[in-house]
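Scroll down for the structure; my scribbles are underneath it.
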Amino acid sequence: MSTIENLPLWAAILISALLVIGSSLALIGSIGLLRFKTFYERVHAPTLGTTMGLFTILAASMLYFSLAQTRPVVHEILIGIFVTTTTPITFMFLVQATLYRDRFEGGDPLAGLSEEQPQVKTPNDP
């Protein structure tokens with residue numbers, strides 16, 4: 001007999017809900033990565049969506065293994081700390097390197113962002 005059969009109903013529902021919410025948030029972050037056009041827009045969706053998705057999946061894992069082993073399991077806290085600190089730092093370095101490269105090549109780093117905004121004409125414009 002496995003430990004999954006011995007889980008209380010409230011725990012199984014809570015773990016399932018946390019897993020569905022976490023995977024949905026990670027999916028939304030991944031879709032945001034594909035949806036946006038420029039690199040500068042793309043760096044925000046994965047950091048926010050996948051980080052929150054990771055936290056809920058880790059909470060489900062902590063709850064399941066704590067109930068299954070009848071002792072607190074907190075290994076996942078280390079995973080959360082490492083991912084929380086490394087993901088934003090990595091994306092910050094990627095953005096800085098890309099911005100430096102774009103400026104070095106003489107291009108406008110924000111060229112893709114201004115296309116979607118409406119042009120406002122001033123009274124002095126022809």
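The values are calculated or read from the model by the stated rules, or taken from the named source; none is laboratory data. Everything numeric in this text was worked out from a predicted model, so none of it was measured. Ideal geometry is used to build each Cβ from the backbone, glycine not excepted, and the neighbour counts take in all protein chains shown.
Among the residues here, A59 qualifies as modelled with pLDDT of 85 or more, out of contact with any Cys (no Cβ under 9 Å at 6 or more places or on another chain) and among the small types (G, A, S). Take the conditions (1) more than 23 Å from I4 (Cβ to Cβ); (2) at pLDDT 85 or above; (3) of a type outside the set (G, A, S); V120 misses just one of them, which is (2). Within the option set L63, L48, being in a helix (DSSP H, G or I) and out of contact with any Gly (no Cβ under 9 Å at 6 or more places or on another chain) holds for one residue only, L63. Whenever a residue of segment 23-37 is at negative phi, its partners that are part of a helix (DSSP H, G or I) and small (G, A, S), lying with C-beta atoms within less than 6 angstrom and at least six residues away or across chains, give the pairs L25/G49; L25/G53; A26/G53; I28/G49; G29/A45; G29/G49; G32/A45; L33/A45. Taking the numbered list (1) part of a loop (DSSP other than H, G, I, E, B); (2) of a type in the set (D, E, K, R); (3) in contact (Cβ under 8 Å) with a residue 40 or more places away in the chain in turn, R71 passes all entries but (3). Would you confirm whether or not segment 74-82 contains a residue that is in contact with an Asp or Glu (Cβ under 9 Å, 6 or more places away or on another chain), within 22 Å of I4 (Cα to Cα) and modelled with pLDDT of 80 or more? Scanning segment 74-82, I find no residue that is in contact with an Asp or Glu (Cβ under 9 Å, 6 or more places away or on another chain), within 22 Å of I4 (Cα to Cα) and modelled with pLDDT of 80 or more, so the answer is no. Taken as a whole, segment 42-54 holds at least one residue that is over 25 Å from Q96 (Cβ atoms) and in contact (Cβ under 8 Å) with a residue 12 or more places away in the chain. Taken over segment 1-15, the criterion of being surrounded by 12 or more Cβ atoms within 10 Å (Cβ to Cβ) and closer than 16 Å to T56 by Cα is satisfied by A11, A12, L14, I15. The test for being surrounded by fewer than 12 Cβ atoms within 10 Å (Cβ to Cβ) and more than 16 Å from the chain's Cα centre (by Cα) holds for R103. Residue under question is A12, and the condition is that it be more than 24 Å from the chain's Cα centre (by Cα) and either part of a loop (DSSP other than H, G, I, E, B) or not basic (K, R) (or both); does it hold? When the stated conditions are applied, A12 passes them. Return the residue satisfying two criteria in turn: it lies in segment 39-79 and is surrounded by fewer than 17 Cβ atoms within 10 Å (Cβ to Cβ) and small (G, A, S), and of such residues it is nearest to the chain's Cα centre (by Cα). Filtering first and then ranking leaves S66. The set of residues from segment 1-16 being aliphatic (A, V, I, L, M) and either within 19 Å of G80 (Cα to Cα) or touching a residue at least 40 places away in the same chain (Cβ under 8 Å) (or both) comprises I4, L7, A11, L14, I15.
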